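J.: Structure below; questions to follow.
The values are calculated or read from the model by the stated rules, or taken from the named source; none is laboratory data. What you see is a predicted model, and the numbers here were worked out from it, not measured in a lab. All Cβ positions, glycine included, derive from the backbone under ideal geometry; neighbour counts span all protein chains shown.
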Amino acid sequence: MSKAKGGAATPSSERRRQVALTQAEVQQTRELLESVMTIAAHGILYRTGQMLGTRVVDEARGGDLQIACAGLLVERGWALEVTFFAQKAQVAGSLEAKTSEEPTCHILRGLIHAVVAAQGVGVLSVKEEECASGGATKCTFAVSRGGRTP
């Protein structure tokens, strides 16, 4: 019998605990949500990305916020490369990309929203205009002020 034992969780240690998911596990989770909730699943995944993005923003320290956050997203395996521009973001090697006719990077869309919103630009709309799932070389997200992102 194997047993792993950790110390009692304290508020400060709970913040440092992290769980790693594989690309397959992220895709299986999305597929499960889509099978039960169809299009509503995309909103849940997007909101999940916003929640995760808030933590990324909190952990980004010093210098340019977008560059620091892009580095953390790559470091955590969400993408191989992330680049922010004035009104868009591009992602190469998205963890969420899979063969599909529709954009599939809903968590990344939420992550990008959180990073851009942290700069105090107000309500944002983030739309995935091109997706590697559909054959594009990079996922391209349009970021505009105003509106609502589903």
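J.: If Arg76 meets every condition in (1) within 21 Å of Arg30 (Cα to Cα); (2) touching a Phe, Trp or Tyr at 6+ places or on another chain (Cβ under 7 Å) apart from one, which number is that one?
T.: (2)
J.: Can you tell me which residues in the stretch 76-120 are of a type in the set (S, T, N, Q) and either at positive phi or assigned to a strand (DSSP E or B) (or both)?
T.: Narrowing the stretch 76-120 to residues of a type in the set (S, T, N, Q): 83, 87, 90, 94, 99-100, 104, 119.
Thr83, Gln90, listed by residue number.
J.: May I pose another question? Which one of Ser100, Ser94 is in contact with a helix residue (DSSP H, G or I) (Cβ under 6 Å, 6 or more places away or on another chain), closer than 18 Å to Val26 by Cβ and surrounded by fewer than 18 Cβ atoms within 10 Å (Cβ to Cβ)? Outline the logic, then answer.
T.: Working: Ser94 fails: surrounded by fewer than 18 Cβ atoms within 10 Å (Cβ to Cβ).
Step by step, each of Ser100, Ser94 is checked, and only Ser100 is in contact with a helix residue (DSSP H, G or I) (Cβ under 6 Å, 6 or more places away or on another chain), closer than 18 Å to Val26 by Cβ and surrounded by fewer than 18 Cβ atoms within 10 Å (Cβ to Cβ).
J.: Can I ask one more? Residues of the stretch 55-85 being touching a helix residue (DSSP H, G or I) at 6+ places or on another chain (Cβ under 6 Å) and of a type in the set (Gly, Ala, Ser), which ones?
T.: Hits for the stretch 55-85 are Ala60, Ala79.
J.: In addition: Can you tell me how many residues in the stretch 30-70 are part of a helix (DSSP H, G or I), at pLDDT below 90 and either within 15 Å of the chain's Cα centre (by Cα) or more than 15 Å from His106 (Cα to Cα) (or both)?
T.: 2
J.: Kindly evaluate Ala136 against the criterion of being modelled with pLDDT of 95 or more and part of a loop (DSSP other than H, G, I, E, B).
T.: On the way: modelled with pLDDT of 95 or more: yes; part of a loop (DSSP other than H, G, I, E, B): yes.
Against the criterion (modelled with pLDDT of 95 or more and part of a loop (DSSP other than H, G, I, E, B)), Ala136 qualifies.
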